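Single-structure report; data block below.
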Amino acid sequence: MPTFFVERKNISGDTAVLSGTEAGHMLRTLRLRAGDSFFSFDEEGNRYRMRILEATSRSLRAEVLESSPPEPPPEVAVTLMIGLPKADKMDFILEKATELGCSRLVPFRSSRTIPRLDAQDAQRRLLRWERVALSAAKQCGSGRTPEISPLLSYPDALRAGASSEGKVIFYEGEGRFGLKAVLGGFGRVKSVALLVGPEGGFSEDEVREAEKAGFLRAGLGTRILRVETAALAALGMTMYHFERT
């Protein structure tokens, strides 16, 4: 069954009202009708199974058949920090990071970042990224979306990652320490920040700045990876490494 988003304020007792984009997609695109069932989740991650009671052209009223609490958070909260890439690559990264269980995504500008956004463009991007994450959460049935930071400067991004117990910066010039070895040295941490550069990578000065902030260098092998490949490979490896089951 399809999954949709419902605001908690629109759920009262055992009924819920959906309107706007969600209702339009359900009624006009998927052509759901009274009696059809669907899954949903609210902004707190609570999950529901519902059945449509009645529908108009713009909204619908549904019965809450079952409810369940949010799915447990990952064993380790992973913050993925990405140097803003070109075009719509961030949309792809964010979609897949949501599916993989990323807890927070922090986009930043560094010396080799190619896109240059003004404040208005950056705000539009943030709103789009939030929609992308919500759509990905609905698609995978998670009910959990990552926290998405506004676009930050590089120093501010380093400060945003400071609270993580384990911190890694990926540098294409790093041939001594692979990610597996670095993660193994962290022990049983509860949070990890992964710092991935833009298409042009990091300068040596930026790597040293990150090291002063507590980040450890790591490499992802001998091949030169695209930013979206490096980010998702690092996230997937980290989630797998700290999986307790």
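The values are calculated or read from the model by the stated rules, or taken from the named source; none is laboratory data. These numbers were taken from a predicted model, which means no experiment stands behind them. For neighbour counting, all protein chains shown are included, and Cβ atoms are generated from backbone atoms with ideal geometry for every residue, glycine included. Protein only, heavy atoms only, side chains kept; ligands, DNA and RNA dropped before computing areas. Shrake-Rupley method; radii C 1.70, N 1.55, O 1.52, S 1.80 Å.
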### Query
Residues that are open to solvent by less than 40 Å² (accessible area, probe 1.4 Å), under 30 Å from S149 (Cβ atoms) and touching a helix residue (DSSP H, G or I) at 6+ places or on another chain (Cβ under 6 Å): which strands (runs of 3 or more DSSP E) entirely in the stretch 3-78 hold 1 or more of them?
3-5
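Out of the residues in the stretch 83-93 that are touching a residue at least 24 places away in the same chain (Cβ under 8 Å) and part of a loop (DSSP other than H, G, I, E, B), which is farthest from the chain's Cα centre (by Cα)? Outline the logic, then answer.
Within the stretch 83-93, the subset touching a residue at least 24 places away in the same chain (Cβ under 8 Å) is 83-86, 89-93.
Retained after the next criterion (residues that are part of a loop (DSSP other than H, G, I, E, B)): 84-86.
On the way: L84: 14, P85: 16, K86: 18 Å.
Among those that are touching a residue at least 24 places away in the same chain (Cβ under 8 Å) and part of a loop (DSSP other than H, G, I, E, B), it is K86.
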### Query
Considering only the stretch 180-224, how many residues are in contact with a strand residue (DSSP E or B) (Cβ under 9 Å, 6 or more places away or on another chain), free of Cβ contacts under 8 Å to residues at least 60 places away in the same chain and either crowded, with 17+ Cβ neighbours inside 10 Å or not in a helix (DSSP H, G or I) (or both)?
16
#### Entry: Residue within the stretch 125-135 that is modelled with pLDDT under 90, in a helix (DSSP H, G or I), of a type in the set (S, T, N, Q) and in contact with a strand residue (DSSP E or B) (Cβ under 8 Å, 6 or more places away or on another chain) present
no
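Suppose we filter K138, K96 for residues that are part of a helix (DSSP H, G or I), within 20 Å of L195 (Cβ to Cβ), within 13 Å of the chain's Cα centre (by Cα) and in contact (Cβ under 8 Å) with a residue 40 or more places away in the chain; which single one remains? So that I can check it myself, show each step before the final result.
Values: K138 fails: within 20 Å of L195 (Cβ to Cβ).
None of the other options fit; the residue is K96.
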### Query
Pick from P146, P85, P107, P155: which is open to solvent by less than 70 Å² (accessible area, probe 1.4 Å), modelled with pLDDT of 90 or more, in contact with a Cys (Cβ under 6 Å, 6 or more places away or on another chain) and not hydrophobic (A, V, I, L, M, F, W, C)?
P146
